[in-house]
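Notes follow the structure.
Bear in mind that the values in this text are calculations on the coordinates, not laboratory data. Computed from a prediction, not measured in an experiment: that's the story for all the values here.
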Amino acid sequence: MKIHWQKGTKYYKLFLQQNLFGGRDIIRCWGQVGTKLGDYKIIPNNTKEELENIIPSIFKRRKYRGYDVASQDLTDELWVKLQKRGKSELRAPILIIFL
């Protein structure tokens, strides 16, 4: 899963990556386009339930701060759950990929 937000020259990216222990980690990257400014944070997760609770809160925060979704790759199942919660106003998924 990959999601990319942009606001002017600022960007925010969210990746879902499987770790060596079988769990999934959320990797958040942010910075400014064209510079070396930015940072990242890894949020360890072990269950889908934890993941489904964290992602909508990140969507809500990005929307509140004025970011627009530039691109996204979400699974059908995750897309349906986000829509049911009403936490995001997104386009239909471009690609369907789940790690």
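Once the piece of chain linking LYS41 and LYS60 is laid out straight, how much longer is it, given 0.36 nm per residue of separation minus the C-alpha distance between them?
Gain on extension, LYS41 to LYS60, equals 5.0 nm.
I'd like the distance between the alpha-carbon centres of region 54-75 and region 1-42, rounded to an integer number of Å.
12 Å
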